[in-house]
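The values are calculated or read from the model by the stated rules, or taken from the named source; none is laboratory data. These numbers were taken from a predicted model, which means no experiment stands behind them. We place every Cβ from the backbone using ideal geometry, glycine too, and count neighbours over all the protein chains shown. Keep in mind that these areas ignore ligands, DNA and RNA; they rest on the heavy atoms of the full protein, side chains included. Shrake-Rupley method; radii C 1.70, N 1.55, O 1.52, S 1.80 Å.
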Amino acid sequence: MRQVPDYLIIGNGRVARHLLHYFSLIGIERVAQWHRGEDEARLHERAAAASHILLAVSDSAIEPLADKLKDAPGIKIHFSGSLVTDKAHGAHPLMTFTPQLYALEKYLAIPFVVDEDAPAFSALLPGLSNPHHRLPKKDKAKYHALCVMAGNFSCILWQKLFDGLAQEFGLPPATANMYLRQQTDNLLADYQNALTGPLARGDNETIARNLKALEGDAFQPVYQAFVKAYPLIKQGTLKEKAS
């Protein structure tokens, strides 16, 4: 008979709140929580009774907490995409978490990227059936850097467009909604051929006009960085297709 896990979720941020909600949706009932606003004696009391200790805290707090709980018998799991440590196993949910909680279908589809030397997923996070993949620890920093650039940096670019439409041109920010949705659809359908615009077609005159229009704007060097990087990216892509 499969043993029922006793989870302890440490933290009170977005990841912790989403985990608690997810667990409640799939019927995992034996879940305790602790956060730094509570007495530390309760942390040790709850950790002593836990089979799985989930460190849903900032990267800088993971190892100090793991050290503090080194005598607790439960397996320790953290959710950082970049941290490499022997004090806890990594299981990074490749997802962005908003203040609003999600529906069950979304939680079930979240992929976890797990440390290569971690236990089987069924032992690491029992009760969860999420897709999961293993990654060598040496690759975690690069993996997370790519996630940050794609998710976080693209968000900054879209915020720049929405703000520009509203503040510089007097247009509703929602004017760009269809553009964003179609670009997302194109990436999901065929990410390797989703790029359009002056970089893709080698339109140097338009690129020059764009850069001149951005003079004095903090985003001009961002545009220039993509112009500089794209030939190298394209060259690498062509080499991959030829090999």
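Against the condition over 30 Å from Pro5 (Cα atoms) and part of a helix (DSSP H, G or I), how does Leu108 come out, does it pass? Before you say what the answer is, go through the steps one by one.
Details: over 30 Å from Pro5 (Cα atoms): no; part of a helix (DSSP H, G or I): yes.
Taking the combined requirement at face value, the residue does not satisfy it.
Name every residue in the stretch 84-134 that is among the aliphatic types (A, V, I, L, M) and more than 15 Å from the chain's Cα centre (by Cα), in order of residue number.
Step one: of the stretch 84-134, the residues among the aliphatic types (A, V, I, L, M) are 84, 88, 91, 94-95, 101, 103-104, 108-110, 113-114, 118, 120, 123-125, 128.
Hits for the stretch 84-134 are Val84, Ala88, Leu101, Ala103, Leu104, Leu108, Ala118, Ala120, Ala123, Leu124, Leu125, Leu128.
For the stretch 124-153, enumerate the residues that are part of a helix (DSSP H, G or I) and open to solvent by 50 Å² or more (accessible area, probe 1.4 Å). Don't jump to the end; show me each part of the working.
Just the residues of the stretch 124-153 that are part of a helix (DSSP H, G or I), to begin with: 124, 137-153.
Selection gives Lys138, Asp139, Ala141, Lys142, His144, Leu146, Met149, Ala150, Asn152, Phe153.
Per-residue answers, yes or no, for (1) out of contact with any helix residue (DSSP H, G or I) (no Cβ under 9 Å at 6 or more places or on another chain); (2) at pLDDT below 95; (3) under 21 Å from Lys234 (Cα atoms); (4) surrounded by 12 or more Cβ atoms within 10 Å (Cβ to Cβ):
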| site | (1), (2), (3), (4) |
| --- | --- |
| Glu168 | yes, no, no, no |
| Thr175 | no, no, no, yes |
| Leu180 | no, no, no, yes |
| Asn186 | no, no, yes, yes |
| Asp190 | yes, no, yes, no |
| Pro198 | no, no, yes, yes |
| Thr206 | no, no, yes, yes |
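Could you grab the pairs with beta carbons closer than 7 Å, sequence gap of 6+ or different chains, first residue in the stretch 15-40 and in a loop (DSSP other than H, G, I, E, B), second one among the hydroxyl-bearing types (Ser, Thr, Tyr) and open to solvent by less than 50 Å² (accessible area, probe 1.4 Å)?
Final answer for the pair search is Ile28/Tyr7; Arg30/Tyr7.
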